Amino acid sequence: YALVGDDIRLASTAKPADPFFDLITSAAFLLFSFEMIVGVIGKEDYYLSFFFWLDLVSTLSLILDITVLYHIIIAGGDTSVARAGRMSRVGTRAGRVIRVIRLIRLIRIIKLYKHVFDVWMRVGGKGGKEEAQGKPGELADEEDYTESRVGQKLSQMTTQKVILLILFMLIMLPLISVEEFFRDLPTSSQYGADVVYRAYTHCVDNTSALKFNISFSTSVSCQNFEQQLTMYIGYHHRQHATSCDNGWNQAFSTECKLDLGWLGFRSSDSDEQSFQGFEHKQIEEHWHHLFADGPFAVPGSLTENLQAQLNSGASLHCPDTGGEYSYTSLLADPDLGCPDDVRLEEKRLIWPRLVSMDHDPDLVFVFDLRPWMLRAAVYNILQTFFICTILAVGAMVFSHDANVLVLQPIERMIAKVEKIRDNPLYAMKLGDDTYRETKEDMTTETVASAASGRSGRCPCSRRKQAKVQTLETKILENAIIKLGKLLALGFGEAGSEIIGKNMGDDSATVNAMIPGNKVEAVFGFCNIRNFTDTTEVLQDKVMVFVNQVAEIVHNIVDTWHGAANRNIGDAFLIVWRLKEDSAAEDRTKVGDMSVISFVQVVAAINKSAVLKDYREHPALLARLPNYRVSLGFGLHYGWAIEGAIGSEFKIDASYLSPHVNMASRLEGLTLQYEVLILMSEPLQRLCSSEMAKFFRTIDRVTLKGGMSTPLRLHTIDLHADCLCGDYVLPKKGLNQFEHRMFRERAKEEKLQPSFQVHTLFESDSDLVKMRQDFPQRFFQRYEQGYLNYEAGEWAVARTILEGTRAMLPETDGPSKALLDYMGQFNYQAAR
């Protein structure tokens, strides 16, 4: 309304509707003022800013849309006809300036649009993002970038410059236009008014001098006045044109001219009017005489009512117009008897220039500008929308390059930093977009190359043209991605709080020495067997060997929701954290997943085609006959303190607790019991009963430096050598993004309630194959021997365990360990 309300008023309503529009404009003025006051109070950088002054100008400009105040400002209280005529011209020029100033109100529209857009991005974009994250494995990590402070500042500055440029052009172009200097040249209406006025004064003067001898009606000078007045009416009144019957035709038809609306005469005596009508001849006689051969030679071109008014000199006294004037209306509307019945903008007073500026003329001509104002209002509305479009498009075009080359990369960087702060482990996924974009570019290039090949053109030149240098913003963005990944790789899950707290601070200082947190978790410790000999043989290639093993371990552990924490040369610490609010079934599943992950690592190590080469390594075989890459595993459930360990010179994010050491001791005992996996009793209680059925209890011990209470030890019997020959090569053709999508999808499936971990012992072919050498009778006999051992019946236990030791293709390590222990006491249990 603030942009086009006044034009709608002029185009669609008459003067009686002005108070209604004045009321709406007053309400808009109050709302604008209230918004400015609230902005000054609520926005720190608003007061005296660029937009403050624009809002102030646009608010004050609403005063000029209030018709009462506008008339006071333009007319200044002077009601003379000369003053009114001059002010009508001044008002026309002022109106053009006011329309330009009114465009400043467009800033409010732009601010409203930006506000609505930001709200939509926060609400709608966020909702869409949450829906996308609900589908595992899909593009759930599609980033939704918010506008940065730099972007907001640059957008404001660009908008300011575009607004100032356009407003300056709109104001200055009319002032330096040549047409502006020719606006005051005489027109036909002005020249005709001078001619009519000269004839009128001659008529009046002759009548005054000869009124006792010759009547007014017989005066030659008065006949000339009547002819000149008739000619003026004929050339400036459109009554003859049938196509000018309504406002729209009058405004937009090329055949229609501005219409002469009123004839005004002033007399020195208020009781007597100077013009007595056409007394010498009737107006139709003058009309026929003057326009017999012209385009107006149409009988009855003036209505009979209008002819009667002019012939009789009928007029209406209109004191509000200024002076003592009586007007004869030439308009068809009977409600428009006086010029004051239309708006100030809708009339134009033409008075003779032969009159002194200090005196009002004896006659004036008032033209009806309503069709002109209708046309101007429609064009102004179109101009407003055009300028709105130019402002919007100009701002977008001017800022497009800066947005693409600078702001969008900065906003992407900020979004990535925010994601790292909220979830430091998300840094591992930051490069997915880069991989996806690279793949799309490669696909596009392949298609283009194929099309060039089919058309017989060489694509070499095109590829050379497409090869451009990487922008600095892209280099910086890639550096942030790499640094984020390195942070996640270096600190791991245990350092997420360290990263989050330091990234959440705007300062440049780093505080890594933050208090630790107590967490519950399953701790897994795995160690590469014969690592010292392997290092001496492989020398500098031992790093490659360790990383190949680590890739298998870490990949499988991550698939089962574990996290690698420490890599200690030949050993790896793995952690499965338990959330404080986890349900009982979720905690149980975490225990089951920790067990099955190590079981699958055993299978993957023995089936790896990459590690197969070490079985045939001549130096390793010479040093260690029948060498096989083998790992020992220890699993324990308990609490630990998670946090940073070290000083300002070097820190590691890890876990401190006797329970962490317990996992390491369990792994060390695998050599003594000659098993691959050892698990503690707390972990066995954490696992499901279905999973625990596949455990074998092998001893009950008290470990030094660990828990003071005795613990039962459990193992899962696996014969990994039976998988030799079933080698599997790593999957090729998938980039990191595709690998992660596949892995995330598999991880989500494992968390579903319908997924039962223990069923893999019966459905997974590798697990079935590794356990096929362990008959059920073996487990039954061993359980009998162990129960007697634990009950102190060592003689009975000795007999049974000697049998189970030789029941398998290879010597059973747990049976042998118990027999060796009992042998130290001559198989006599201490009572």
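The values are calculated or read from the model by the stated rules, or taken from the named source; none is laboratory data. Please read all numbers here as calculations on a predicted model, not as lab measurements. So basically every Cβ, Gly included, is an ideal-geometry build from the backbone, and we count neighbours across all protein chains shown. Note: areas computed on protein heavy atoms with side chains; ligands, DNA, RNA excluded. Shrake-Rupley method; radii C 1.70, N 1.55, O 1.52, S 1.80 Å.
Listed values, structure above:
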| item | result |
| --- | --- |
| Sequence-distant residues sharing a close amide H with Ala653 (under 5 Å, placed H) | Ile645 |
| Amide hydrogen neighbours beyond the local backbone of His317, cut-off 5 Å, H modeled | Tyr327 |
| Residue pairs, from the table Lys485/Lys612; Lys607/Lys750; Lys612/Lys693; Lys579/Lys704; Lys650/Lys750; Lys541/Lys816, whose Cα atoms sit over 27 Å apart | Lys485/Lys612; Lys612/Lys693; Lys579/Lys704; Lys650/Lys750; Lys541/Lys816 |
| Segment 792-831, accessible surface, carbon-and-sulfur percent (1.4 angstrom probe) | 47 |
| Simple spin-label estimate for Arg745 and Phe386 in nanometres, 7 Å along Cα-Cβ | 5.6 |
| Carbon and sulfur %, accessible surface of segment 581-716 computed with the full protein complex present, 1.4 Å | 53 |
| Label-point gap, in nm, between Asn547 and Asp581 - each point 7 angstrom along Cα→Cβ | 4.1 |
| Karplus 3J(HN,Hα) series, Hz, for segment 327-344 with 6.51 cos²θ - 1.76 cosθ + 1.60 (x for Gly, Pro) | 10, 10, 7, 9, 8, 7, 6, x, 7, 9, x, 10, x, 6, 6, 10, 6, 4 |
